[in-house]
Amino acid sequence: MSTSAILILLGAFLASAVEFVEALTIVLGVGIVRGWRSTLIGVAAATIVLAVLIAALGPALSVIPIGTLRLIVGALLLAFGLQWLRKAILRSSGYKPLHDEDAAFRRQREEAAQAGEEQRAGLDWYSFTVSFKGVLLEGLEVVFIVISFGSAQGRLGLAAAGAAAALVLVVVAGVLARGPLERVPENTIKFAVGLLLTSFGCFWGAEGAGVHWPGDELSLLAVVAFIGATSFVLVRLFRRQRLGLVPAEVKA
Amino acid sequence: MKYLRSFGLFWWNFIVGDDWRVAAGLAVALGLTSLLTHEGVNAWWLLPIAIVLLLTGSLWRETRQSS
């Protein structure tokens, strides 16, 4: 398996796992409090919408010339990946609170308990809409990452396999834990995903713009190392800056 | 109209996110890379440098606002 194939599989797996963990928290929070029927119908409806989207987008992308596709996908992955990386650096340096899946689960349960009763089409409308929106929005990110990762390198099956493995793992872990997966090192995974999305975006975006990378595919590893090292330095710098701003008595 | 606005806002947040300057900078960097490449310069180095500068600038603005 080539370097890029391993990184595509790893990137799709990690990115999907993070999104599935967040979707699972929403679904569990609503389902446990308000019942499973409408919640699971919401999950199924969102899954159908996502499947339609994949069925429409997959073949449509295959007619775009590979150079143009890599430029578009690279630009989108860069914009998207830098958002992840930026947030991960802000979290690691203490400027943003760490994402707490357990707190998100508790908040979801409280909101579900306080929401009113509204029946539409024989469904508990709150459970249906919240699980539908949650799965659709988190799933949309998975679809975006899988399609962009897979299409730019012509390895859609590999990226989809990574996402499918993540789905199975998260669902099985969720069923076994019967609760949110708060022990998943989500912030570390998000850092790694941000790094991979940005690196792939840089590699494909530049290739799409006509660049020939020295060392071809091997330079992808150099890009990952360069952006990773830069991110590490930025975390150290901004952490030091934040600690310099904290009053002495708080530090003690 | 309201749905159209929400739809546009969703995609804006999805792709551009919190700092539009990063997205704009990336567009400029990709455009420059394309231009240089078509002029015969293999500008593989431009995008990694642009990423570092844009990321650092965005974080600097965010942390200044926070403090």
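Contact map, segment B:1-12: residues that are closer than 16 Å to A:G134 by Cα paired with residues that are part of a helix (DSSP H, G or I), Cβ distance under 9 Å, separation 6+ or inter-chain. Pairs shown: B:F10/A:L137. When each of B:S58, B:S66 is tested for being closer than 18 Å to A:L234 by Cα, exposed (fewer than 14 other Cβ atoms within 10 Å of the Cβ) and within 7 Å of another protein chain (Cβ to nearest Cβ), the lone residue that passes is B:S66.
Being within 13 Å of another protein chain (Cβ to nearest Cβ), touching a Phe, Trp or Tyr at 6+ places or on another chain (Cβ under 7 Å) and touching a residue at least 12 places away in the same chain (Cβ under 8 Å) is a property that holds for A:G194.
Can you list residue pairs whose Cβ atoms sit under 7 Å apart, with the first residue in segment A:169-187 being of a type outside the set (A, V, I, L, M, F, W, C) and in a loop (DSSP other than H, G, I, E, B) and the second being modelled with pLDDT of 75 or more and exposed (fewer than 15 other Cβ atoms within 10 Å of the Cβ)? Count only pairs 6 or more apart in sequence or on different chains. Once the first residue is of a type outside the set (A, V, I, L, M, F, W, C) and in a loop (DSSP other than H, G, I, E, B) and sits in segment A:169-187, its partners that are modelled with pLDDT of 75 or more and exposed (fewer than 15 other Cβ atoms within 10 Å of the Cβ) give A:P180/A:D102; A:E182/A:D102.
Does A:A55 satisfy the condition of being farther than 29 Å from A:A104 by Cβ and surrounded by fewer than 22 Cβ atoms within 10 Å (Cβ to Cβ)? Yes, satisfied. The residue that is nearest to the other protein chains (Cβ to nearest Cβ), counting only those in segment A:59-71 that are more than 23 Å from A:E138 (Cβ to Cβ) and in contact (Cβ under 8 Å) with a residue 24 or more places away in the chain, is A:L71.
A single entry from A:G215, A:G210 fulfils the requirement of being at pLDDT below 95, surrounded by fewer than 21 Cβ atoms within 10 Å (Cβ to Cβ), more than 9 Å from chain B (Cβ to nearest Cβ) and assigned to a loop (DSSP other than H, G, I, E, B): A:G215.
Residues in segment A:29-41: is at least one more than 26 Å from B:A50 (Cα to Cα), within 14 Å of chain B (Cβ to nearest Cβ) and part of a helix (DSSP H, G or I)? Among the residues of segment A:29-41, not one is more than 26 Å from B:A50 (Cα to Cα), within 14 Å of chain B (Cβ to nearest Cβ) and part of a helix (DSSP H, G or I), which makes the answer no. The single condition among (1) of a type outside the set (V, I, T); (2) surrounded by fewer than 18 Cβ atoms within 10 Å (Cβ to Cβ); (3) in contact with a Ser or Thr (Cβ under 8 Å, 6 or more places away or on another chain) that B:Y3 does not meet is (3). Looking across segment B:1-18 at every residue that is in a helix (DSSP H, G or I) and at the interface with another protein chain (Cβ under 9 Å from one of its Cβ atoms), the one that is nearest to the chain's Cα centre (by Cα) is identified as B:I15.
Annotation for segment B:19-36: no member residue is at the interface with another protein chain (Cβ under 7 Å from one of its Cβ atoms), touching a Cys at 6+ places or on another chain (Cβ under 7 Å) and buried (at least 18 other Cβ atoms within 10 Å of the Cβ). With respect to the stated conditions, A:V233 fails to be farther than 20 Å from A:L7 by Cβ and in contact (Cβ under 8 Å) with a residue 40 or more places away in the chain.
Scan segment A:86-99 and tell me whether some residue there is in contact (Cβ under 8 Å) with a residue 60 or more places away in the chain, in a helix (DSSP H, G or I), more than 13 Å from chain B (Cβ to nearest Cβ) and touching a helix residue (DSSP H, G or I) at 6+ places or on another chain (Cβ under 9 Å). No; the residues of segment A:86-99 include none that is in contact (Cβ under 8 Å) with a residue 60 or more places away in the chain, in a helix (DSSP H, G or I), more than 13 Å from chain B (Cβ to nearest Cβ) and touching a helix residue (DSSP H, G or I) at 6+ places or on another chain (Cβ under 9 Å).
For segment B:37-53, the set of residues classified as facing chain A (nearest Cβ under 7 Å) and either in contact with a Lys or Arg (Cβ under 8 Å, 6 or more places away or on another chain) or among the aromatic types (F, W, Y) (or both) consists of B:W44 only.
The values are calculated or read from the model by the stated rules, or taken from the named source; none is laboratory data. Because the structure is a prediction, the values reported are computed rather than measured. Cβ coordinates were reconstructed from backbone atoms using ideal geometry, including for glycine residues, and neighbour counts include every protein chain displayed.
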